[in-house]
Structures are given as structure tokens and as C-alpha cells.
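In what follows, a single structure is set out as C-alpha cells and then discussed.
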Amino acid sequence: MRIVWKIFLWLTALGVLGALAAVGFVAYAFWHFGRELPEHEKLAEYAPAVVTRVHAGDGQLLAEYARERRLFVPIQSTPRRVIDAFLAAEDGDFYNHIGVDFRAVARAVVQNLRNLGTGRRPVGASTITQQVAKNFLLTNEVSYERKIKEAILALRIEKAFDKNHILELYLNEIYLGQGAYGVASAALTYFDKPLNELTVAEAAFLAALPKAPSNYDPYRHHKRAVARRDWVIGRMVIQEMISEQTAREARAEPLEARRGRDVNFVKADWFAEEVRRELADRFGEDGLYDGGLSVQTTMDPRLQQIARDALRDGLILYDRRHGYRGPLTRLEAMDNWPTRLAAVRPPAGMPEDWQLAVVLEVGRDAAELGLIDKSRVNLPLERLTWARKPLRNGLVGASPEAASDVLAVRDVVLVGPDTEDPDKPQMRQMPRIDGGVVALDPHTGRVLALVGGFAYERSQFNRATQAARQPGSAFKPFVYAAALEHGFTPASLVLDAPFVIDQGGGQGKWKPSNYSNRFYGPSTLRLGIEKSRNLMTVRLAQKVGMDVVSDYSKRFRIYDDLPRTLANALGSSEVTLLKLTSAYGMLVNGGRGIRPTIIDRVQDRTGRTIFRHETRACGTCLVHDWQHQPEPLLPDERPRVVGTETAYQMVSMLEGVVIRGTGARIAQVGKPLAGKTGTSNESRDAWFIGFSPDLAVGVFTGFDNPEPLGRQETGSSVAAPIFQTIMAEALADQPGLPFRVPENVRLIRINARTGEPARVGDAQIIWEAFAPGMEPNPRNAPALTGATIQPETVTGDETVAPTLPIPERRAVGAKATDGVY
């Protein structure tokens with residue numbers, strides 16, 4: 001008995017010593033591995049990388065930007081069945097353990113001992129808390145040392161945070177395959193559903209993924225994915241989270257994961273890129289890609305599509321006028337031609353409704369083409385008459401007399417539907433010319449549409465915002481606006497006659513000329529802008545002074561510092577389409593300054609507004625209902641650029657451009673419109689900028705490496721048709737609103753040719769707009785006289801303006817000075 005007692009005492013002592021040793025080992029391990037562990041307190045301010053979503057003005061999705069595709073969902077908004085599925089699969093005792101499940105650890109130790117020497121991967125027993133520690137604070141290294149650190153951090157995390165916060169961290173951070181981070185993103189990725197619409201079977205599938213998303217990929221390993229899903233469903237039954245009946249229904253449900261989300265993005269690549277750049281500048285790269293911003297842009301998807309299609313069609317139309325440049329390539333042989341054709345790479349940016357085709361047979365009257373799907377297309381000669389041979393200086397040869405003059409067997413070409421009759425395919429070619437379109441609200445500067453070229457896939461260069469090109473005559477309205485505020489009226493006469501300047505320094509003489517190379521004598525300012533007279537514009541700029549013209553160009557935010565040379569009055573200094581269109585908007589809005597904007601509002605991940613384009617406060621706007629109170633009146637904080645009278649006079653004169661001048665084709669729209677053509681030297685750039693009362697649109701066309709567009713190609717022939725198409729479609733369902741006339745403007749009937757008050761029998765009578773006190777003299781006033789302004793003199797690089805007096809505004813009732821300038 002004494003021996004037994006001694007043995008018992010020795011065993012007890014050994015047990016105590018062992019326990020003390022174990023406690024000591026654990027304490028040492030906690031001390032040793034707990035040193036220099038990451039700070040877990042930062043999990044309290046968890047702000048995961050979340051997708052930034054950019055929306056069009058009507059709420060449609062325009063773009064998403066993210067390094068990790070994640071949508072954050074608070075735990076209180078996460079459906080119970082989703083939570084239960086993950087708890088059943090990953091940590092059934094989550095709400096009971098202290099961060100480490102010691103029973104599960106013991107089971108794992110036994111299992112790993114059994115697996116020694118088998119080469120199998122060690123079995124883990126990580127709780128959700130441990131996975132949070134690993135995902136946020138540690139690496140994915142497989143080692144016992146990492147597991148110990150993981151356990152230590154899990155215990156610390158459990159002491160610092162409640163269970164729901166830990167579960168929220170886990171469900172929003174975990175990677176679930178296919179680029180989806182977090183359960184909300186995974187629900188959209190695999191099932192195109194929000195979390196609250198997931199079935200039990202779908203939630204169970206998502207819960208099956210954390211262990212190894214690639215192993216249970218439903219696209220490559222469908223049977224394996226279904227088996228793992230059903231295992232999770234079984235675990236939910238064991239945990240009494242669902243009934244047996246619900247489990248049977250869930251297992252019977254087919255696993256139908258979708259490839260990619262069924263999201264309709266608005267097609268507006270250049271607009272989206274401009275938004276991305278502005279967001280990156282304003283909030284930084286981290287704010288853009290990780291910040292979870294919600295961005296409301298100014299874009300009107302309908303107008304964007306109209307502008308995109310109109311520019312594309314206009315560039316194609318110009319390109320066809322200038323002939324056929326030949327096939328894309330030629331097949332080496334015709335055996336198995338569909339396979340050979342399928343191997344040909346389509347040109348970047350090819351329109352979606354165009355196809356590659358190869359010439360199978362060709363004769364005099366027609367050619368037969370084959371498509372990749374082995375179908376055939378017949379092209380009669382009448383549809384090939386445009387395919388003339390390009391010559392120098394934009395000229396083309398004679399129309400082909402036979403289809404064989406254009407095509408040969410083995411030629412690979414493009415075909416697409418005819419714009420007027422889609423059932424009749426046409427041979428197509430990618431245009432070399434490019435261009436841009438801007439449409440904006442002239443009252444606010446909100447950019448409603450922005451197209452930077454023919455195809456974003458071909459070139460990401462934005463010709464609406466990045467291309468600085470010579471505007472030519474499209475700049476003239478701002479010279480005339482300066483003149484109108486320095487004593488001139490739309491009826492003032494300016495001499496249209498030869499003009500020569502000796503530039504000095506051996507540079508020769510500058511001899512500007514009109515497009516027609518003719519001279520027209522004394523003409524009204526209105527006629528000068530309507531017919532785009534260069535010589536009148538130069539004389540007017542000389543009279544007013546280039547310092548004044550430069551100042552006005554700065555007021556309209558066209559140029560920061562326009563050089564004071566007369567050539568710049570004819571638009572020889574480069575400018576972007578966005579700036580010039582915005583400047584035209586300042587004319588039609590009554591002379592108020594605007595800044596173009598593409599973003600209305602930005603909210604952070606919590607819904608707090610952190611940027612708003614509209615900065616005016618309106619305390620009376622936020623009301624629950626209308627009690628017959630008056631409308632809120634917001635202050636107009638836009639700076640005054642020119643007087644309301646001047647602005648309307650320019651609008652009226654530019655409306656004349658459309659009715660009688662270089663933009664006469666625009667009148668076919670049948671709505672009140674105004675605008676101006678622009679063509680640079682040698683027709684290298686072609687513009688049309690114009691507006692309705694509430695919409696300003698600018699069009700630029702030209703080659704990226706500037707070269708002449710061709711003989712008789714101008715803003716009127718290239719850009720104006722694009723503007724016309726845009727306005728016709730944009731205003732199709734709107735009434736024809738006239739331009740707003742300021743109250744103090746006097747409308748007087750005058751002779752359009754002489755600028756004098758109209759008399760009975762005059763043939764060309766128009767209503768002309770005059771500022772108070774600037775009305776024309778009566779018919780019996782002295783005859784028009786006045787000396788021709790002499791050309792400016794140039795000494796070296798210094799321009800010396802003439803010292804002639806500038807007419808000044810007079811009091812109401814005073815008479816305008818007669819004379820020809």
C-alpha cells in the first residue's frame with residue numbers, strides 16, 4: 001500500500017511539474033512569439049479597399065476602378081443565411097470560443113500525427129478569428145510558428161472586439177475566387193445578385209470557397225464544387241441552421257454560376273478616362289482605386305451615343321470622298337479560306353457591325369466576298385463607285401468602271417451595313433482622319449457628351465481635351481465681341497480690301513486673303529462674320545487693338561496670354577475643342593463665365609459628399625413638401641465676361657451664319673441654331689462650334705499629324721454635317737425655342753447690305769440688334785465716309801498698333817458715328 005501511495009505521489013508530482021512546464025512553455029511561447037507582432041488595434045478602423053463606381057447623369061454605370069473588386073457590407077446588412085453558411089463551413093463554434101478552438105486543435109494534432117510520413121498537407125483548426133489575424137496581420141506561410149502567432153493574435157483580437165465586428169472583417173475581406181473579394185462582390189460575380197437575393201444553396205456555395213477557390217471553381221470543376229456545396233449544406237443541418245426539408249431543396253438546386261456580371265456599362269471610354277484622371281488628381285491613386293467612391297458625372301448617355309455615332313459617320317463620309325486605299329492584307333492562298341480569314345487580326349477600333357471579308361470572285365459588274373462564318377456577300381459595281389484612286393492634294397481619280405478595277409481575288413477588306421439601307425452591305429475602310437465632339441450645358445458648364453476620336457481602341461488620345469489645334473475662323477466671334485464693346489455695332493461698316501504688312505526682319509510681307517480670294521468693299525460686321533471675311537477681321541482687330549483681343553480671349557478662358565499679332569485674330573494660335581466650345585457657351589448664356597465640368601458630385605464609402613460642383617448654398621431647398629411657398633432664388637455667382645447686349649448681338653450674328661452664311665446647311669435642322677465654321681491654313685483643321693439656346697456643341701476634325709484635308713474641304717463640308725446630325729437628333733423631340741433677347745436690346749429693321757435703317761423698297765431687310773444708344777443714323781444722315789485703316793507697321797518683333805481713335809459707347813439717345821473702318 002505504501003508503494004502505491006509513493007507511486008501516486010511521484011505521479012502527482014510529475015503531473016504538477018509537467019503542468020508547470022506546460023504552463024511555462026506556453027508562457028514562454030506567448031512571450032517569445034508575441035514580441036513584435038503587428039498591432040491588432042488598427043482593425044478597429046477597418047476600411048477595406050472598395051470599388052469606386054462612376055455613374056452617368058441618369059444613374060447608369062459608366063466605369064468601375066479598383067485594385068480588388070470588393071463591395072463592403074456591414075454585418076447588420078448581411079443576410080442570416082449567408083452568415084450561417086460561413087459559420088457552418090468555417091467555424092461552427094464561433095460564438096462560443098475565445099479565439100482559439102482548443103478541441104479542434106486537439107483533433108488536428110491527432111490527425112497530423114497519424115499523417116506523419118504520408119506527405120499529406122497538415123490539417124488546420126483555424127477559427128474565423130484566426131483567419132482574420134492571418135488575412136489582415138500575417139502572411140500565408142505554412143508553419144507551426146505562424147500558427148502560434150496566429151493563435152496569439154486571435155486571443156488578443158477577441159479581447160479587443162466583439163464577435164460581430166470580427167465576423168464583419170472576415171466576410172468583407174476574404175478572397176472567394178474570380179477576382180472577388182468579400183461576400184457581396186462574390187454574389188455579384190458568380191450569381192449576378194445582391195446578397196439579400198441569394199438562395200441557401202448559393203450561400204452554401206460561396207461558403208465552400210474560402211479553403212481553396214480554384215479547387216471549387218464552378219466553371220472548371222463543377223462536380224467538385226457541387227459536392228463541396230452539399231457538404232456545407234449538411235453542416236448547416238448539423239448546426240441546426242436549416243431543416244432537412246430546406247437542405248433537400250438546396251441540394252436539388254442546380255449550381256448555375258454565371259461567367260461575368262451582367263452589367264450594362266455606358267460606352268463612353270474617353271469620358272470615363274477624363275473622370276478617372278480628375279479623380280486621381282483630386283483624391284490620389286489610393287482614393288481612386290481603394291476608396292469606394294460613388295461618383296455622379298454630368299454625362300447624358302443618349303447625347304453621348306448621338307455624338308459618338310455622328311462623329312463616326314461623319315469621319316467615314318469624309319474618308320469615302322477621298323478614295324479607296326487598298327485592302328487590309330491579302331491571303332497567301334485560298335484553300336480553307338474561312339480559317340485563313342479568321343486568323344487575320346481586325347483593325348483596332350473596327351465598328352461592331354463591320355466584318356472581315358475576302359474576295360472570292362471578281363468580274364466587271366460585281367465581286368463575291370466570303371465571311372468568316374462561310375456566308376457570302378455580293379457587291380455590285382454600283383456600291384464600289386466611291387472606291388476611286390487617291391491622288392495628291394486630296395484629289396481622287398475617276399470612278400471605277402469595273403469591280404475588278406478595285407478588288408482582286410484574295411484581297412481582305414471590311415464590309416458593313418449601309419447607313420441608309422442595312423440590308424445592303426457596303427465595302428468599308430477605317431478612316432485616317434480623326435476628330436472630337438464636346439456637348440455641354442452653356443448655363444452651368446456641365447459636359448453632357450465628350451468623344452475623343454473615331455475609336456478608343458485605336459487611340460486613347462483625346463482630341464476633345466488634349467489636342468491643341470488652330471481654330472481658324474472659329475475664333476473670329478471673340479474679335480467681333482471685343483469690337484462690339486469698343487464702339488462698333490453689327491451694322492458698322494468695315495472695308496474688305498487688300499491688306500499687306502511688312503513683317504520686318506527679312507520675313508517678307510504678310511498678305512491675308514479671303515477664302516474666295518475676292519474683295520467686297522465696305523461690309524457690315526454681321527456680313528463679315530456670316531461670310532467669314534478674313535480681311536475685315538484683320539482690320540477690325542487692328543482697329544480695336546490686339547491687346548484688347550488678347551484680353552477678351554482670356555476672359556473667355558480660350559488663351560491665357562494670346563500673342564499680340566494680327567494673324568492670331570484669324571485663329572492661328574492653337575486651342576482645345578473643350579475650351580472653345582465652353583467659350584461659345586458663354587455667348588449664348590448671356591455673357592457669363594463658366595468652367596466645364598464632368599463631375600457633379602463625389603461621395604465617400606459612407607455616403608458623405610466630399611465634392612460637389614454646385615457650391616451655392618440653398619437653405620430653403622430642403623423642404624419635406626410644398627406649401628405654396630415661392631421657388632428658392634439662388635444667387636448667380638458666374639462672373640460677367642461681356643455685357644448681355646454684346647452676348648446677344650453675337651448670338652444673333654452667329655444665327656445669321658446658319659441662316660445666310662458659311663453654316664447654311666445647319667438650317668436644315670429646322671430649329672433656332674447659331675454657330676461658326678473654322679478652317680485653318682491649308683485646310684489642316686476643320687471646326688464647327690455652335691449652339692441652341694440651351695445646348696452648346698463643338699466639332700473638330702483633322703489628321704493627328706496635321707496635313708491638308710483636301711481641296712474645298714472646310715469646316716462647312718467636314719465638321720458642320722456632324723454638328724447638324726447631332727443637333728437634329730438631340731433636339732428632335734424638343735420645341736424650337738428662339739434665342740432669349742435681353743430686355744434692353746433694341747431690334748431695328750435695317751438694310752442688311754448697307755447697315756442703314758430700312759426704307760420701303762429695300763430688298764435685303766433684317767432685324768438687327770443694337771445696344772441702347774447705338775442705334776443707326778436715319779437715312780438722311782451724311783453719306784458714309786471715313787479713311788481706310790492703314791496696315792500696322794512692324795519693327796523687328798514689336799507690333800505697333802495704329803493711333804486711330806476707337807469709337808466709345810455713348811449715352812442713350814446719342815447717334816452712332818458714321819464711317820467705314
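If R0 is taken as 41 Å, the Cβ-Cβ distance between Lys211 and Ile610 corresponds to a FRET efficiency of 0.60. Subtracting the Cα-Cα distance of Arg67 and Asp353 from 0.36 nm times their residue separation leaves 99.7 nm of extension gain.
When each of the peptides 708-718, 196-206 is scored by the mean number of other C-beta atoms lying within 10 Å of its residues, the order from highest to lowest reads 196-206, 708-718.
Taking 14 Å as the straight-line reach from the Cα of Lys223, the aspartates and glutamates in range (excluding those fewer than 8 positions away in the same chain) are Glu253, Glu256. Compared with the direct C-alpha span, the chain from Val377 to Arg258 gains 39.3 nm at full extension, assuming 0.36 nm per residue.
Accessible surface of segment 424-516, 1.4 Å probe: 50 percent of it comes from carbon and sulfur atoms. What net charge do the residues around Gly690 carry, taking every other residue with its C-beta under 11 Å from that of Gly690, with Lys and Arg at +1 and Asp and Glu at -1? For residues surrounding Gly690, the net value is 0. Compared with the alpha-carbon gap, the fully stretched path from Arg325 to Asp58 is longer by 91.9 nm at 0.36 nm per residue.
The separation of segment 558-608 from segment 611-625, counted between C-alpha centres, amounts to 26 Å.
Accessible surface area normalised per residue over segment 520-626 is 42 Å², counting heavy atoms of protein chains with a 1.4 Å rolling probe. Ranked by the mean number of other Cβ atoms within 10 Å per residue, highest first, peptides 766-773, 430-437 order as 430-437, 766-773. If you take the Cα centroid of segment 697-772 and the Cα centroid of segment 373-436, the two points sit 35 Å apart. Shown is the FRET efficiency for Lys267 and Glu631, computed with R0 = 25 Å from the Cβ-Cβ distance and rounded to the nearest 0.05: 0.10. Annotation: per residue accessible area for segment 270-329 equals 38 Å², rounded to a whole number [probe 1.4 Å, protein chains only].
Ordering of 544-553, 627-636 by packing is 544-553, 627-636, highest average first (other Cβ atoms within 10 Å, averaged per residue).
When the residues Leu448, Leu288 are ordered by accessible surface, computed with a 1.4 Å probe over the protein chains alone, the sequence from largest down reads Leu448, Leu288. Shown here: segment 543-599, whose C-alpha atoms stretch 38, 22, 15 Å along the first, second and third principal axes, sorted largest to smallest.
The values are calculated or read from the model by the stated rules, or taken from the named source; none is laboratory data. Since the structure is predicted, the reported quantities are computational estimates derived from the model, not experimental observations. Virtual Cβ from ideal backbone geometry, glycine too; neighbours counted across all protein chains shown. Ligands, DNA and RNA are excluded from the accessible area calculation, which covers all protein heavy atoms including side chains. Shrake-Rupley method; radii C 1.70, N 1.55, O 1.52, S 1.80 Å.
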